[in-house]
1. Give me the pairs, please: first residue somewhere in region 304-319 and assigned by TED's automatic domain parsing to the domain that holds GLU170, second residue anywhere and part of a strand (DSSP E or B) and near ligand 1 (Cβ under 8 Å from one of its atoms), beta-carbon distance under 9 Å, and either six or more positions apart or on two chains.
2. Under the condition of being within 16 Å of ligand 2 (Cβ to nearest atom) and of a type in the set (Val, Ile, Thr), which residue from region 123-181 is nearest to the chain's Cα centre (by Cα)?
3. Looking at region 126-138, I want the residues that are assigned by TED's automatic domain parsing to the domain that holds GLY203 and have a partner that is in a helix (DSSP H, G or I) and of a type in the set (Ser, Thr, Tyr) with Cβ atoms under 8 Å, at least 6 apart or on another chain. Which pairs are those?
4. Regarding region 349-370, can at least one residue be identified that is in contact with a Cys (Cβ under 8 Å, 6 or more places away or on another chain), of a type outside the set (Ser, Thr, Tyr) and not assigned by TED's automatic domain parsing to the domain that holds THR83?
5. Just checking, how many residues over region 1-26 are over 18 Å from ASP50 (Cα atoms) and either acidic (Asp, Glu) or in contact with a helix residue (DSSP H, G or I) (Cβ under 7 Å, 6 or more places away or on another chain) (or both)?
6. Please note which strands (runs of 3 or more DSSP E) are completely contained in region 177-245 and include at least 2 residues that are among the β-branched types (Val, Ile, Thr) and modelled with pLDDT of 95 or more.
7. Among the listed residues ASP34, ASP26, ASP66, identify the single one that is over 16 Å from CYS322 (Cα atoms), in contact with a strand residue (DSSP E or B) (Cβ under 7 Å, 6 or more places away or on another chain), of a type in the set (D, E, K, R) and at pLDDT 95 or above.
8. Could you tell me whether THR256 is hydroxyl-bearing (Ser, Thr, Tyr) and touching an Asp or Glu at 6+ places or on another chain (Cβ under 7 Å)?
Amino acid sequence: MPIITGAKVVVTCPGRNFVTLKIETDQGIYGLGDATLNGRELAVASYLQDHVIPCLVGRDAHRIEDIWQFLYRGAYWRRGPVTMSAIAAVDTALWDIKAKIAGLPLYQLLGGASRQGVMVYGHANGADIDATIDSARDYQQQGYRAIRLQSGVPGLASAYGVSKDKYFYEPADGDLPRENQWSTERYLRSVPELFERARGVLGNDVHLLHDAHHRLSPIEAGRLGRDLEPYRPFWLEDPTPAENQAGFRIIRQHTTTPIAVGEVFNSIWDCKQLIEEQLIDYIRTTVVHAGGITHLRRIADFAALHDVRTGCHGATDLSPVCMGAALHFDLSVPNFGVQEYMRHTPETDAVFPHAYSFADGYLHPGEEPGIGVDIDEAAAAKYPYRRAYLPVNRLEDGTMFNW
Ligand code: GCO
Ligand code: MG
């Protein structure tokens, strides 16, 4: 059995911060896990370094479930993004080790491929509707079968999801939180127009998605969903903050637009009611923030019982290590829906050489043993940590709002 001899946390900032756990064994084989929590990175790094790694040394790396339960139950303080990202990093690294020892790509250990590739959606965005549609056509020409549309809103100086750079959207852009401005009324007027025009130009053979980023009340979300129905959106994401899961009943009463939720969830308990009552259609939890491969499989199996499919979060603040692991999960899970894919910058790709690749709108995790993602520690060392915050949001009268 492979014994854990040590572990270390690598923090690097090739354009944005990433936290990576590397677990070493006495067999000379190591595993990697992503532990990045955007804007709160060092909290997870410390949780791992100061509290988790001392408990790992000397354990059998093959006992993934037991180590998961040890870290979850053994902390006494259950759940929460910091704890669950740390557990996820350990869990991912252990699956990486197990698959490397087996000499198989991870998806083979998860039951093998259920499909030929993982359909991904790209992020089209622009300052206005014309620019967003141009960007969407660009994605369509690159082969994407699913495209998220986010546009600037007339009258608002900034909008969620609209990047300065053509491909690399990075919201954590201030060494203190930047203030954005929000108006639900302006937003609710502009999104249906965006979708009407986009369907006209892009046709019916492409899936169109949209993220409301937790900014609507349930009844406002019901209205937006209903207004978008003629344009057949693949999903409306995070229409309303999901602390109050029962609030989604109101959305369901008003629209047949499919609903996707869960990128900020950490455990099955955060989405239990949403899934059980079939209040959502896609669950967006992913490897790093929801307790790793082990816990994500538990959520996906529970979701499958209720006709809910997966739609893993895949923004750039999830490192290539998370993306690689997510792709093995996506390829194998029976109730797969779609995978988000925001490309990483060339600097990030150089720090994390990886086997996954894109073709014809699909990603494939590759055939390397393990998760197929490595870390070049010398390259990582060139990019020290830089403090960076996500923005905050205020209404036009100055009231603090959801970002
Ligand atoms: C998405 C997300 C991201 C988040 C980001 C926060 O759907 O991709 O909403 O854009 O805002 O991951 O760190
Ligand atoms: Mg989102």
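1. GLY311/GLU237; GLY311/GLU340; CYS312/GLU340; HIS313/GLU340; GLY314/GLU340; ALA315/HIS123; ALA315/GLU340; LEU318/GLU340
2. ILE147
3. GLY126/THR132; GLY126/SER135; ILE129/SER190
4. Looking for residues that are in contact with a Cys (Cβ under 8 Å, 6 or more places away or on another chain), of a type outside the set (Ser, Thr, Tyr) and not assigned by TED's automatic domain parsing to the domain that holds THR83, one finds none in region 349-370, hence no.
5. Within region 1-26, residues that are over 18 Å from ASP50 (Cα atoms) and either acidic (Asp, Glu) or in contact with a helix residue (DSSP H, G or I) (Cβ under 7 Å, 6 or more places away or on another chain) (or both) number 7.
6. none
7. Details: ASP34 fails: over 16 Å from CYS322 (Cα atoms); ASP66 fails: in contact with a strand residue (DSSP E or B) (Cβ under 7 Å, 6 or more places away or on another chain).
The unique qualifying residue is ASP26.
8. The answer is yes for THR256.
The values are calculated or read from the model by the stated rules, or taken from the named source; none is laboratory data. What you see is a predicted model, and the numbers here were worked out from it, not measured in a lab. For neighbour counting, all protein chains shown are included, and Cβ atoms are generated from backbone atoms with ideal geometry for every residue, glycine included.
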